[in-house]
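Here the structure comes first, spelled out in structure tokens, and everything after it is commentary.
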Amino acid sequence: MGKHIIIDPITRIEGHLRIEAVIDDNNTIVDAYSASTMFRGIEAILKGRDPRDAGLLAMRICGVCTGTHYQRSIEAVEHAFNVTIPKNARLVRNLVQGALYIHDHVVHFYHLHGLDWVDVTSALKADPKKAAQEALKWSKNPWGASEGELRAVQERVTKFVKQGRLGPFAKGYWGNKHYKLTPEQNLVATAHYLQALDLQRDAAKMMAIYGGKMPHPQSFVVGGVTCVQDIQNPARGALFKNLLLNWQNFIKNAYIADVLMAGTMYADEALDGTGAGLKNFMTYGDFRLDDTGFYKSALLFPSGTVMNGDLKSYQPFDQSKVTEDVTHSWYEGDKPLHPFDGETIPNYTGLEKKADGYAYLKTKEKYSWIKAPLYGDERVEVGPLARMVVGVAAGDERITKYVTGFLKKGNLPTSVLFSTVGRTAARAIETELMADVMVEWIDELQANVAAGDLSTWTEFDFDKVAADAKGYGLAEAPRGALGHWVNIKDGKIENYQAVVPSTWNASPRDAKNRMGAYEASLIGTKVADPDQPLEILRTVHSFDPCIACAVHLVDTKGKELGVYKIDPTSCSI
Amino acid sequence: MNERRAVLTKMFSAKDTQVATNRGEDYYETLWQKCRARLDDLKKLPARSTTSIEDILDIEGFSRRDFMKWASAATAMLMLPASFTPLIAEAAEVMNRVPVIWLELQDCAGNSEALLRSDGPTIDELLLDILSLEFHETIMAAAGHQAEAQLEEAMETFHGKYLCFVEGSIPLGMNGQFGTFGPKAETFVDHLKRVSSGAAAVVAVGSCATFGGVPAASPNPTGAVGVMDVIKGKPIINIPACPANPANMVGVVLHYVLTGQVPELDSLLRPKFAFGYRIHDNCERRAHFDAGEYVEEWGDEGAKNNFCLYKMGCKGPMTFNNCSIVRYNEGVNWPIGVGRGCIGCSEPDFWDKYAYERPMADANIKAPTGGVESTVDEFGLGLLTATAVGIGIHAVASATAGKKSDNGDA
């Protein structure tokens, strides 16, 4: 008889997520359900507003991937208005998004994911001298991992642990036998955790230089950007580059080093494909490299799909194949719909309260605020792993170089990519790639401005273009493929939809009862102790969940949002 | 004309917009004694952590002098005289006596992220290190049952003593079921009421927790409200903005430690030290506003010359916050600095009233009542009508003064 466990709240994510899992007598997960437990209704809120204002509001879908919904919304409107932004604006947006990626990914690895790989209490037993030597195995010039620095970290953590109140480390899964790092390795990683916590403030400043502030920048507008002063002043670019180079150093000599270390120690899980899941990948592509037009430019991350983990199955991306199914989601609807045709109404059917006092998901019926997106007739995964896999499959030279370089350093075969460990490594590989290319972009921006080009905005006749227009912004947020679709009539938003990365990944089953990415990735995972969801967290966190984003934002075209069908017999709360 | 000038003068020199920065010797003497007594009481309590400020400063390579410089700056930000600086420093040292439980409801995590950017140098990070953060879903190690147990235990151990920080709005629609927490699917509203019942005070951070924010923007599909609409009979402090400035979050905690009380608040429960004056009062582009020099189009000559952003929708004149002084990300930049005006994010209903790139006279905004958009007058916002009139005069003056030509001649 299986053990049915509820993990709510899933912590160290953005948003509100519940995972239910069924574990058999061999402590193996045989079934899993992923559900979001919060809804805001931002699509109805956007309806009726001026499309030039939508970006600022859409940005508040998420404060972690801040700036990304902002940009996507503006891109959708620019597509609808047929506006191409000037070169400076393109570079500024790339730099701001890039700054988000490299901040977000590093903070994710250490402060959200890290404690699933690193046993902080074990670091207290380490020998700092040996730990310093350990660090040299993974980097020629390790960041902040000299014997003295490591000893200081150890003393600081020891003091903290001794006084009894562990703050955010309280009731963690310390000592679980599925932690695999040595005490010395744990000490190195713990030192980096604390250093990253301090340094990320500087990394965030990059976005603030051209974005105004972080979180929630403010310098993007339909047609371009507003940061004229900041691009005019060479000192700002110099500051940006200085911050970038410092963070790049941390990425190479702490982050990549630690991921190689963890990847090696957890290689068995990588090799047996723990956490692989769907093995179907999709990207919309992103980071425009020239000014030939939004959907014409060459891209840093190519768009496309790879199915069944087969790199030879690459296909280019087709926007018309995106639909969403609501069979198991708390909305009305009987067939999958493309975002432009969406018409949905919340239909909350609640959870089921059982004798043990807990409320369980009604997994045979509707059980999540997240919809189930489909690409054609496939369930797919999005994110850094998808970008790296599709990039390699599409023959992109740069991506292939970084991926094969990393695998070679770690002496790992390509197949390890299809696992929780692989997903985690892909995020790190992408971060290093992004930091390196950003050095080129900041130089390009500086040179362009120095040569006399100060244009930041393309003019357009609002009344003309906003009379009747449709557009979409399809690109890549840090967590994966992000699309905003907008329908504009008489200068106002008539319909707005966003299908976000965590919608793809965190979704429930579809009409054919096929699992979403999180659900699929948990099947077959062995847990050391069913009362400690460590392994579940390790895999779910590898997707970098962003659940406020994931809850679907489909418009209620023309209908009052006053119709909530609640079945009184099922509503137990 | 004289009447209009009188309106203008009154509006820009109205008493409400000024914060009394000198309250007289007796006031400060009494306050000082209160703070001293409070600190002495706190020091008698058992320490939550034996990690001392000296240890942290030492490890991080900061001198005592650096620390005192920070204490000076924090004292000034709280609008206290210099004699309070040593008390602020002492308060920082005993800050680890205050347990904090942080709840996230209908949120985007922007305020938690903002807190990670904590302003002022690393020293504020150090303070977070020794503040006893008992529960915070975004960074805590435990999940599921262990996380729930940690919350319950912290509430019991520190009953009556912890600060409850809240981020995100509270949905009341559909019996509160638009948001649930934990294995028993407790609704957010029940969760908030239960957790705040044992708190010493509730601090709502960000526009959603204070005034409803994004989820409450028209038509508010989930019946979202802010903390003060749900919690009664508890001291509440609102720190709005989207997200709130971390300097203000830390300032509030410091004040609480120092005096054991909430800081002086305005009618919207916002601390006066941060929200007692408008963006407009301290804006670096104010001289351009006064001279009638405006940006008229993104990227134009005015933009290249730092002109006032009023005509591009800056709501600085209506917005109370200290962004024009404290700025963001350790002073690196702020909205006006990056060439995009203020969107009024520390004010209630700003998504409906202020957050668009046109001045209020050309609002073209979505009426909260739904249907036809209209001007300010139809909403009956009297004060703002006067504001719009006052600024309208200014804008007219600029049109007659003429824009700067492309040659840069006045």
Looking for whichever is exposed (fewer than 14 other Cβ atoms within 10 Å of the Cβ) and more than 14 Å from every other protein chain (Cβ to nearest Cβ) here; the options are A:D325, A:D290, A:D258. Which one fits? A:D290
For region B:275-294, indicate whether the set of residues that are of a type in the set (F, W, Y) and over 15 Å from B:C323 (Cα atoms) is non-empty. yes
Does A:D443 satisfy being out of contact with any Pro (no Cβ under 7 Å at 6 or more places or on another chain), more than 30 Å from A:A517 (Cα to Cα), surrounded by fewer than 17 Cβ atoms within 10 Å (Cβ to Cβ) and more than 13 Å from every other protein chain (Cβ to nearest Cβ)? yes
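For region A:371-390, does any single residue satisfy the condition of being at positive phi, not hydroxyl-bearing (S, T, Y) and not in a helix (DSSP H, G or I)?
yes
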Taking region A:159-170 and keeping residues surrounded by 19 or more Cβ atoms within 10 Å (Cβ to Cβ) and either among the charged types (D, E, K, R) or more than 7 Å from chain B (Cβ to nearest Cβ) (or both) leaves A:R165, A:L166
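So that you can scan it fast, the table gives a plain yes or no per residue for (1) within 30 Å of B:E148 (Cβ to Cβ); (2) charged (D, E, K, R):
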{"residue": "A:L91", "(1), (2)": "no, no"}
{"residue": "A:N94", "(1), (2)": "no, no"}
{"residue": "A:Y101", "(1), (2)": "no, no"}
{"residue": "A:P128", "(1), (2)": "no, no"}
{"residue": "A:N141", "(1), (2)": "no, no"}
{"residue": "A:R165", "(1), (2)": "yes, yes"}
{"residue": "A:N176", "(1), (2)": "yes, no"}
Complete set of residues in region B:252-279 that are among the hydroxyl-bearing types (S, T, Y), surrounded by fewer than 18 Cβ atoms within 10 Å (Cβ to Cβ) and under 26 Å from B:A37 (Cα atoms): B:T259
Which number in (1) more than 9 Å from chain B (Cβ to nearest Cβ); (2) at pLDDT 95 or above; (3) surrounded by fewer than 24 Cβ atoms within 10 Å (Cβ to Cβ); (4) in contact with a Lys or Arg (Cβ under 8 Å, 6 or more places away or on another chain) marks the one condition that A:N27 misses? (2)
I'm trying to understand the selection: among the residues of region A:340-395, which are free of Cβ contacts under 8 Å to residues at least 12 places away in the same chain and under 26 Å from A:E494 (Cα atoms)? A:D341
Out of all the residues in region A:2-59, which are over 20 Å from the mean Cα position of the chain (by Cα) and on the phi > 0 side of the Ramachandran plot? A:N27, A:G41, A:G48
Out of (1) more than 14 Å from chain B (Cβ to nearest Cβ); (2) at positive phi, the odd one out for A:G212 is which? (1)
Looking only at residues that are away from chain A (no Cβ under 14 Å) and assigned to a strand (DSSP E or B) in region B:166-204, which one is surrounded by the most Cβ atoms within 10 Å (Cβ to Cβ)? B:V166
Go through the residues of region A:65-83 one by one and say whether even a single one is within 30 Å of A:K489 (Cα to Cα), at the interface with another protein chain (Cβ under 9 Å from one of its Cβ atoms) and either surrounded by 23 or more Cβ atoms within 10 Å (Cβ to Cβ) or at pLDDT 95 or above (or both). yes
Name every residue in region B:303-328 that is under 21 Å from the mean Cα position of the chain (by Cα), within 12 Å of another protein chain (Cβ to nearest Cβ) and closer than 15 Å to B:D290 by Cα, in order of residue number. B:C314
In region A:186-209, what residues are under 25 Å from B:G339 (Cα atoms), more than 7 Å from chain B (Cβ to nearest Cβ) and either crowded, with 24+ Cβ neighbours inside 10 Å or among the hydroxyl-bearing types (S, T, Y) (or both)? A:A203, A:M206, A:M207
Subset of region B:22-39 (residues that are surrounded by fewer than 11 Cβ atoms within 10 Å (Cβ to Cβ) and modelled with pLDDT under 85): B:N22, B:G24
Keeping to region A:125-147, report how many residues are surrounded by 22 or more Cβ atoms within 10 Å (Cβ to Cβ), touching a Pro at 6+ places or on another chain (Cβ under 8 Å) and within 15 Å of A:K252 (Cβ to Cβ). 1
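Taking the condition of being at the interface with chain B (Cβ under 8 Å from one of its Cβ atoms) and touching a strand residue (DSSP E or B) at 6+ places or on another chain (Cβ under 6 Å), how many residues in region A:1-14 meet it?
In the first step, residues of region A:1-14 are kept if they are at the interface with chain B (Cβ under 8 Å from one of its Cβ atoms); the result is A:5-14.
From what's left, touching a strand residue (DSSP E or B) at 6+ places or on another chain (Cβ under 6 Å): A:5-8, A:10, A:14.
Residues that pass the stated criteria total 6.
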When region A:487-500 is checked residue by residue, the ones that are part of a strand (DSSP E or B) and farther than 14 Å from A:I61 by Cβ are A:N487, A:I488, A:K489, A:K492, A:I493, A:E494, A:N495
Counting just the residues of region A:377-418 that are more than 24 Å from A:M265 (Cα to Cα) and either at pLDDT below 95 or among the acidic types (D, E) (or both), which one comes out nearest to the chain's Cα centre (by Cα)? A:E381
A:N448 versus (1) in a helix (DSSP H, G or I); (2) farther than 23 Å from A:E75 by Cα: which is the lone unmet condition? (2)
Test for A:D53: is it more than 18 Å from B:G110 (Cα to Cα), surrounded by fewer than 23 Cβ atoms within 10 Å (Cβ to Cβ) and either in contact with a strand residue (DSSP E or B) (Cβ under 9 Å, 6 or more places away or on another chain) or within 7 Å of chain B (Cβ to nearest Cβ) (or both): no
Suppose we filter region B:346-357 for residues that are more than 8 Å from chain A (Cβ to nearest Cβ) and in a loop (DSSP other than H, G, I, E, B); how many remain? 5
Within the group A:G422, A:G405, which residue is small (G, A, S), closer than 27 Å to A:W117 by Cα, out of contact with any Phe, Trp or Tyr (no Cβ under 8 Å at 6 or more places or on another chain) and surrounded by 18 or more Cβ atoms within 10 Å (Cβ to Cβ)? A:G422
On the basis of being at pLDDT below 75, surrounded by 12 or more Cβ atoms within 10 Å (Cβ to Cβ) and assigned to a helix (DSSP H, G or I), does B:L57 make the cut? yes
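The values are calculated or read from the model by the stated rules, or taken from the named source; none is laboratory data. Predicted model, so just to flag it, every value in this text is computed and none were measured. Cβ: placed from backbone, ideal geometry, glycine included. Neighbour counts: every protein chain shown.
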